[in-house]
Amino acid sequence: MTTRPDRGGDPPPRPAAPGETGAAGAVPSIPEQPTAERPQPAAARPAPADVAPAVVTDDPADGERPATRPDRAQYGVCAFLALVGALVIVDATRIGHAVSSADPVGPKPVPILLGVLLLVIAAIYAVDVARGGTGEPEAGEDVDLSSPIDWRTLLLLIGAFLVNAVLIDRLGWVISGSLLFWGCAFALGNRHHVRNLLIAVALSLITFYTFAIGLGVNLPAGVLQGIL
């Protein structure tokens, strides 16, 4: 129980300041409590060291790519171009010297130049194939590159052209041409035989008179000679 100073009692002791010692003894100071570090927001956190992410690529080490094998089938095209160029040059050398005042150059230089260009193209093509160059595959919307060759359709088309080549002199263009057009339609899958035959005859007659009247070229009439 405390007494007031105005009533003759001793004043109550005041608490000592931190670190101050009195007669009644030292008041221990309150130790500082360790404060836990608050987590910093993501924006305030120090950025980690910049480390480049590992990029996985399909290329082999050191940037080396496997060498592509040349398409040997393309050498056939090169040989064909070279053969055509050589034949054109040989055939041009057999042309006579028909030089006139209206044509001082003559007929030889142009085919010889074409033959030389074919040989140059064949050589450049062969070098490109040897270096691994390949043609870009066809990317048409209606072309399935994985489907096999339709040999039946191909053989039927070849047969239609062979029949036309054999019969054009004997039967004439109108008949052989009609068989050609009808056979091509059949080979390509059209089964409207009567309609296709009428269209084939009409096309043969149109081409026959177009060549005869428009171009002055008479196609073989064959057994229809005197009728057409």
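Each reported figure results from applying straightforward, stated rules to the coordinates on display, with no laboratory input. A quick note: this is a predicted structure, and the numbers were derived from the prediction, not measured. Reconstructed Cβ throughout: ideal geometry from the backbone, glycine too, with neighbour counts over all protein chains shown.
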Order of Tyr209, Tyr125 from fewest to most other C-beta atoms within 10 Å? Tyr209, Tyr125
Approximate spin-label separation Ser146-Val194, in nm, with each point projected 7 Å along Cα-to-Cβ: 4.3 nm
Theoretical gain in end-to-end length, Leu155 to Asp71 [0.36 nm per residue, Cα-Cα removed]: 27.6 nm
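Equivalent-ellipsoid semi-axes (√(5λ), Cα gyration tensor) for region 151-224, whole Å, largest first? Mind showing how you got there, number by number?
Numbers: eigenvalues 102, 38, 19 Å².
Each semi-axis is √(5λ); the values are 23, 14, 10 Å.
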Treat each spin label as a single point 7 Å out from the Cα along the C-beta direction, and report the Asp169 to Val217 distance in nm. 1.8 nm
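Counting other beta carbons within 10 Å of each residue's own, what order do Asp71, Asp150 fall into, fewest first?
On the way: Asp71 14, Asp150 11.
Going from sparsest to densest Cβ surroundings: Asp150, Asp71.
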